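Rule-based calculations on the coordinates, nothing more; no lab input. It should be emphasised that the depicted structure is a prediction, and the values quoted were computed from it without experimental measurement. So basically every Cβ, Gly included, is an ideal-geometry build from the backbone, and we count neighbours across all protein chains shown.
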Amino acid sequence: MKKVLRSLSMALAIAVAGGAHSGALANTQTLKVVPQANLIVLDPVWTTAFVTRNHGFMIFDTLFGTDTEGNIKPQMVDTWSESDDHKRWTFTLRDSLKFHDGAPVTSKDVVASLKRWAARDTVGRLLAASIDSWETPDDKTFVINLSKPYGIMLDALGKPTNLVPFIMPARLAETSPNEQVKEMIGSGPYRFVADQYRPGERVLYEKFADYVPRSEPASGTAGGKQVFVDRVEWVILRDPQTQMNALVGGEVDIIEQPTFEQYPALRKAEGVKLVNTVPDGRQFYIRINHLHPPFDNQKVRQAALVALGQEEHMKTQVGDPEMYRFCKSLFPCDTPYSSDNTSFYTGKADPARAKELLAEAGYKGEPVVMLRATDLAMVAKLPLVSKQQLEAAGFKVDMQQSDWATVVTRRAKKEPLAQGGWSTFHTAGDSDPNPLARPALNAAGENGWFGWQDDPELEALKVKFVEATTLEERQKVAEQIQIRALETVSYIPLGQFINPAAVRTNVDGVLSAGGQVYWNIRKN
């Protein structure tokens with residue numbers, strides 16, 4: 001306990017000392033947050049890490065947002081129209097949009113931002129493939145001319161999860177999509193304080209005084225982004241017990257993702273409440289690297305899919321059966337595109353069948369390099385179960401451990417295993433039911449998401465989904481996408497769960513937004 005208290009004292013001392021640059025700290029109101037992970041990658045278009053997406057929502061704004069009912073609402077956009085043939089979309093920005101460096105937001109900034117986003121995002125790539133031309137007739141108007149209808153235009157521009165089409169200045173958006181943006185300048189409700197950024201210690205955001213929120217009530221990532229605190233400080237505390245002690249002691253206000261073991265104590269803790277910001281839950285999954293042996297062989301991938309069972313993973317990682325559910329659908333259960341038609345996939349471990357598939361594939365014992373993030377409590381136990389189940393099926397597993405920031409960096413490496421490459425990593429996906437919003441369903445080859453699956457058939461099904469004009473038609477195509485993704489093993493689903501934030505009772509207004517956002521919050 002003394003060691004824990006010393007760690008807490010040191011972390012809080014760093015936070016206070018780092019804030020001394022603001023001369024009137026005593027007169028500012030600071031919301032202190034323990035984020036779900038250490039923030040290393042700042043560019044929210046370059047990575048799908050949750051912590052970077054949440055960082056993006058602090059400083060960047062979006063053209064549209066998604067409310068708590070799943071409806072798409074205008075955000076930076078004032079008015080828009082669609083031609084009768086659905087091939088010409090015209091958008092007008094609202095007044096008073098300004099970047100943190102004082103420059104006005106223009107249509108050219110929007111077009112540059114959308115082009116860069118579309119080069120990396122699955123939904124964006126399909127949009128780009130449908131575009132004939134862009135127009136910017138004036139500083140507030142941009143036009144998208146399509147070669148064919150794109151049925152989910154507003155869903156694409158307003159999607160709340162990775163990769164989010166954030167708007168940044170054109171001078172930054174013109175950075176190659178294969179390189180990270182070096183400067184964090186947005187037009188959102190908070191300003192990133194770059195000279196106070198301390199990876200592994202703290203991240204500081206200050207209220208952007210010139211931000212003009214919409215007049216509608218805040219709802220999800222839509223509505224008025226009203227800011228009621230002066231600063232938001234992310235305090236990086238790696239030890240879960242230290243995090244909890246800081247929350248119970250009132251030294252921090254929010255823990256974004258407590259460990260599952262802490263919930264019984266948190267429910268009883270005085271001055272603490274639980275807030276579920278993702279009501280539909282998230283899904284655990286394993287992403288597989290399709291480039292290198294052994295998983296460049298589809299039958300070997302199928303053997304892994306059959307070898308792994310959801311129940312054992314969920315019992316070990318989550319524990320409380322009220323916080324997880326079995327869900328073999330690739331799309332969250334009880335959402336519009338979920339389906340029990342999952343081909344040969346049952347979600348239950350079958351080591352005997354997996355061994356048969358390995359024999360059919362001619363597996364020769366090539367190692368599976370499994371990345372495990374030891375400091376990301378939300379997924380830290382999953383690899384332990386996966387390793388055991390894969391080895392029971394005959395796989396040779398080399399589990400390599402590091403922090404999550406290292407996993408996020410390493411998973412971008414395409415080199416062979418012997419040169420620092422990887423075979424699998426565990427992560428969690430948001431509850432967005434849109435099949436195109438899932439990075440792990442990207443099958444665009446080496447230009448796609450980490451894992452680099454190359455499957456033109458799966459990509460063609462996504463085009464059919466975009467072209468479908470009714471929900472019923474899209475549901476049929478979504479089921480076809482699911483079956484194809486399971487047969488080719490785009491990724492392996494491990495179950496659905498909730499992971500509520502722990503919040504001090506004097507903090508109100510935390511929104512259900514599919515993730516953590518920090519407008520609309522009052523600290524009393």
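For the stretch 178-189, take each phi angle, set θ = phi - 60°, evaluate the Karplus expression 6.51 cos²θ - 1.76 cosθ + 1.60, and give the result in whole Hz per residue in order, putting x for glycine and proline.
8, 10, 7, 5, 8, 10, 9, 10, x, 10, x, x
What is the ratio of the Cα radius of gyration of the stretch 282-497 to 2.2 N^0.38 Å, with N the residue count, to two decimals? Spell out each step's value before the answer.
On the way: Rg = 16.3 Å, N = 216, 2.2 N^0.38 = 17.0 Å.
That ratio works out to 0.96.
What relative contact order, as a whole-number percentage, does the stretch 70-170 give when Cα pairs under 8 Å and 6 or more residues apart are counted? Walk me through the numbers on the way to the answer.
On the way: 154 pairs, mean separation 32.0, N = 101.
The normalised contact order for the stretch 70-170 reaches 32 percent.
Which whole-number percent is the relative contact order of the chain (Cα, under 8 Å, 6+ apart)? The partial results should precede the final answer.
Values: 1151 pairs, mean separation 106.5, N = 524.
After rounding, I find 20 percent.
Percent antiparallel among DSSP beta bridges with both residues in the chain, to the nearest 5? Display every interim value, and only then the final one.
Working: 53 of 68 bridges.
Of the beta bridges lying entirely in the chain, close to 80 percent run antiparallel.
Between Asp95 and Glu261, what is the FRET efficiency for a Förster distance of 41 Å, r being their Cβ-Cβ separation, to the nearest 0.05? The partial results should precede the final answer.
Numbers: r = 50 Å, r/R0 = 1.21.
Efficiency for this residue pair is about 0.25.
Decide, for the stretch 388-524, between rounded, prolate and oblate: order the square roots of the alpha carbon gyration tensor eigenvalues as a ≥ b ≥ c, take rounded if a/c falls under 1.5, and otherwise choose prolate if a/b is larger than b/c, else oblate.
Working: a/c = 2.06, a/b = 1.16, b/c = 1.77.
Since a/c reaches 1.5 but b/c is at least a/b, the shape of the stretch 388-524 is classed as oblate.
Can you tell me what share of the DSSP beta bridges in the stretch 282-497 is antiparallel? A percent to the nearest 5 is fine. Please report the intermediate quantities before stating the final value.
Details: 15 of 24 bridges.
Given both bridge residues lie in the stretch 282-497, the antiparallel proportion sits at roughly 60 percent.
Please state the shape class of the stretch 64-173: rounded when a/c is under 1.5, otherwise prolate if a/b exceeds b/c and oblate if not, all from the C-alpha gyration tensor. Intermediate results must be reported in sequence, preceding the final value.
On the way: a/c = 1.33, a/b = 1.22, b/c = 1.09.
Rounded shape, in that the Cα axes give a/c under 1.5.
How large is the helix-only mean residue ellipticity at 222 nm for the chain, computed as the sum of -39500 (n - 2.57) over DSSP H runs with n ≥ 4, divided by its residue count, in deg cm²/dmol to the nearest 500?
Details: 15 runs with 149 residues, N = 524.
Using -39500 (n - 2.57) per qualifying helix, the result is -8500 deg cm²/dmol.
Excluding residues fewer than 8 places away in the same chain, name every one of the lysines whose C-alpha is closer than 25 Å to that of Lys523.
Within the straight-line limit of under 25 Å, Lys523 reaches these lysines: Lys32, Lys207, Lys225, Lys268, Lys273.
Test of understanding: ordering His292, His426 by Cβ neighbours within 10 Å, fewest first, what list do you get?
Values: His292 19, His426 26.
Ordered from fewest to most neighbouring Cβ atoms within 10 Å, His292, His426 come out as His292, His426.
Counting other beta carbons within 10 Å of each residue's own, what order do Arg372, Arg198 fall into, fewest first? Before the final figure, lay out each step's value.
Details: Arg372 22, Arg198 13.
Ascending Cβ contact count within 10 Å gives the list Arg198, Arg372.
How would Trp117, Trp452 line up from fewest to most surrounding beta-carbon atoms within 10 angstrom? Walk me through the numbers on the way to the answer.
Working: Trp117 26, Trp452 18.
Sorted ascending by nearby Cβ count, the order is Trp452, Trp117.
Could you order peptides 262-274, 470-482, 301-313 by the average number of other Cβ atoms within 10 Å of their residues, highest first?
Values: 262-274: 14.2, 470-482: 17.9, 301-313: 23.2.
Going from most to least packed, we get 301-313, 470-482, 262-274.
Among rounded, prolate and oblate, which fits the chain when a ≥ b ≥ c are the square roots of the eigenvalues of its C-alpha gyration tensor, a/c under 1.5 means rounded, and a/b larger than b/c means prolate?
On the way: a/c = 1.73, a/b = 1.11, b/c = 1.56.
Verdict is oblate for the chain.
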